[in-house]
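Take a look at the structure below.
Quick note: the coordinates plus some simple rules give every number you see, no bench work behind them. Everything numeric here is computed off the predicted structure, so don't read it as measured data. As a convention, Cβ positions derive from the backbone with ideal geometry for all residues, glycine included, and neighbour counts pool all protein chains shown.
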Amino acid sequence: MNYLPSHVLGMHAVGDVTINDYQKALLPLLQEQVKKTGKINFLLVLETNIQNFTAGAWCGNVQIGLKFFMRWNRLAIVTDQKGVKEFSHLFKYIIPGQYKGYSLEQLDEAVKWVTGK
């Protein structure tokens, strides 16, 4: 997502999401972000059905959340899947940081929030 400032990571999920996606695509980006800024501001645009996440991807999600436990700053999940937005709000009780869910039509608002503007 080239339109985000350098202190914010963004991923756009479409189609099937696997553990390999987490390990090959997301994990290196998160590691680099932590090295650069010491914290993670992350925007996830989810335009795939949550059922397209394999079991391994769910495990990778939890694993990554715990690996960077104290590094999460802001996480915005943008999707039209109601259950996913509600699930994202549960993160605030588990992992430090701020979490918000947005609909796809609120993408601009999500970008402003996750960038701190």
Please give me the summed charge of the neighbours of ASP108: other residues whose Cβ is under 14 Å from its Cβ, Lys and Arg +1, Asp and Glu -1. +1
Amide H to amide H under 5 Å from VAL78: which residues, 5+ apart in sequence or cross-chain, H placed 1.01 Å off N in plane? LEU44, VAL45, LEU46, TYR102
Residue-count net charge about LYS39 - beta-carbon cut-off 10 Å; Lys, Arg +1, Asp, Glu -1: +3
